[in-house]
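**Q** Here's a structure for you.
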Amino acid sequence: MSETDPINNFKFLTKYKNKLDIGDCKLFVMRSQIGKDKKTQLKELVISYKTIYINTYNIVIMDISKSSG
């Protein structure tokens, strides 16, 4: 999704079909630069949520960096 227009032209990355209720949801985008020249950029989406009734806290990390090429 676009940072400037998140409502249009987006694509679902996850879809859960377990029909359990979730709560305490958080989304973060982590950015970092690696390599000696610091030109390689990484971008990761961190999704965390609590699953109600089974009392688990889930954290999912996805690489959303654009590949060069």
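Just so you know, all these numbers are worked out from the coordinates, no wet-lab data involved. This is a predicted model, so every value here is computed, not measured. We place every Cβ from the backbone using ideal geometry, glycine too, and count neighbours over all the protein chains shown.
**Q** May I ask you to compute the full-extension gain from residue 22 to residue 52, defined as 0.36 nm times their residue separation minus their alpha-carbon distance, rounded to one decimal in nm?
**A** My answer for the length gained is 10.3 nm.
**Q** Here's another thing I want to ask about it. Sequence neighbours fewer than 8 away in the same chain don't count; with that in mind, list the lysines whose C-alpha is under 25 Å from residue 17.
**A** 26, 50
**Q** Assuming R0 = 25 Å, what is the FRET efficiency of residue 39 and residue 11, from their Cβ-Cβ distance, to the nearest 0.05?
**A** After rounding, the FRET efficiency stands at 0.40.
**Q** Oh, and also: Just tell me the longest site-free run in the chain, where the sites are chymotrypsin sites (Phe, Trp or Tyr not before Pro) in a DSSP loop having at most 14 other beta-carbon atoms within 10 Å.
**A** Answer - 17-52.
**Q** Next question, about the same structure. Looking at the chain, which longest stretch skips every one of the trypsin sites (Lys or Arg not before Pro) that is in a DSSP loop with at most 10 other Cβ atoms within 10 Å, leaving the sites themselves out?
**A** Counting at most 10 other Cβ atoms within 10 Å as exposed, the longest clean stretch of the chain is 40-65.
**Q** Quick one: which residues, 5+ away or cross-chain, put their amide H under 5 Å from the amide H of residue 65? H built at 1.01 Å from N.
**A** Sorted by chain and number, the residues that satisfy this are 43.
**Q** So, one more: Of the listed values (1) 1.20; (2) 0.96; (3) 1.06, identify the label whose number matches Rg/Rh (Cα atoms, Kirkwood Rh) calculated from this model.
**A** Derived directly from the coordinates: (3).
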